[in-house]
Structure formats: C-alpha cells, structure tokens
Amino acid sequence: MFKHVFLTGPPGVGKTTLVQKACEALVSSGVGVEGFYTEEVREGGRRVGFDVVTLTGARGHLSRIRDSRDSQPHGRREYTVGQYVVDLPSFENLSLPLFRNIGSADGSSSSRKVFVIDEIGKMELFSQSFIRAVRQTLDSSSCTILGTIPIPKGKPLGLVEEVRNRRDVKVFTVSKENRNAILQDILETLQECLKSKA
C-alpha cells in the first residue's frame, strides 16, 4: 500500500506545474495541503536562480547565479550547484517550520493532509536539517507526501535514492508525452493514500 507519491522526470518537463494542479484539485475536494515548491526566477528572459514558495505564498531565495563582483564570503562555507549559489539559511528558514507544523497538526485533521515537497534535489540536500525532516515525515503517519525528485544523473543522491526505493512510495515518471494525461493517475493514487490513513 502506498503512503506517498513522488514525481520524477527531466528538468523543465512540468513536475512543479503538475504538483500545483494536483494541489488545486485536492483543495477543492476538501483535502488540506501544506508545503512548498520551487520556482524559477527570471530576469530579462534569463534564469537567474530559484525561489522557494510556500503554498501560503511566502517566498524566499533558494539560489542565485553568482555575481562576478561578489567575492567568496569570509568564513562562511559556500554551497554551489553549477553556477548557482545556494542560500541555505533562506531555504531552511522557510521550509523547516513547515515540517514542524505538519508534525504538530492534531491527529484528526492531519490524516487528510497532503504535504508538498518540491523538490528533494541537489540544492535542498545541502541542508542536513531538511534531510532529517524529510525522513521523519516519510516515516510518520501524519500525512501523505506529494513530492518531486530529479531523475538519476551522475552521482546518486542518497536521500533521492532512498525515496525512489521505498516500498511505500509510488513514483510517477513525467514526460512531455504523458504530462497532460498523468494528473488523474496522480490524484487517484493520492486519494488511495489518504484513504488508507483515514
């Protein structure tokens, strides 16, 4: 029996859009939805980084392209993915309280809750606190997770592989061909997950 649903697929294929559509459908069917998604930030047509956006609309930096005028910050370890510098404090300040809230929701309502984690990727995995929070939420019975993970590329990411290999996780691979048709399957699986918790 599946407890959680994750989407995977190449960058830009539409995973976040599907997550947002699923959230709209869940909310209109009376399911509580919490969590965050990741959004591209563009300036003058070019991507300059990513923001973390909570489902209540709060927004913070996840990463930005390094400005060539910026020198390495003194005494602070810098986390980079390609040309992007990850703003770990900003990401943690926005995302970690969401995990704490979902855990503390009273039992009756939280069983009908979906917690969105978009995504468990390289940038987010610099945060040890985030990794711990995701593991606790996967193992707890307090909610069903709707999340996204990257497709395997290069060195495997520990937590991503853990999620992919869990028996209680249903992974959907999103492609340009199936992304319009797959929403119904995702919603049906989520409803099954929620039913098994009720």
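The values are calculated or read from the model by the stated rules, or taken from the named source; none is laboratory data. Quick caveat, the model's predicted, so the values are computed rather than measured. With ideal geometry, Cβ positions are generated from the backbone for all residues, glycine too; neighbour counts draw on all protein chains shown. Calculation scope for accessible area: heavy atoms of the full protein, side chains included, ligands and nucleic acids excluded. Shrake-Rupley method; radii C 1.70, N 1.55, O 1.52, S 1.80 Å.
Can you name every one of the helices (runs of 4 or more DSSP H) wholly within segment 86-196 that holds 2 or more residues which are more than 19 Å from Gly32 (Cβ to Cβ) and touching a Pro at 6+ places or on another chain (Cβ under 9 Å)? In segment 86-196, 158-165 are the helices (runs of 4 or more DSSP H) which contain 2 or more residues that are more than 19 Å from Gly32 (Cβ to Cβ) and touching a Pro at 6+ places or on another chain (Cβ under 9 Å). Number of residues in segment 169-193 that are within 13 Å of Lys21 (Cβ to Cβ), at pLDDT 95 or above and charged (D, E, K, R): the value is 1.
Set side by side, the residues Val81, Val41, Val5, Val85 differ, and just one is open to solvent by less than 40 Å² (accessible area, probe 1.4 Å) and closer than 14 Å to Ile117 by Cα, which is Val5. Looking only at residues in segment 147-175 that are of a type in the set (S, T, N, Q) and open to solvent by 60 Å² or more (accessible area, probe 1.4 Å), the one that is nearest to Glu188 (Cα to Cα) is Thr173.
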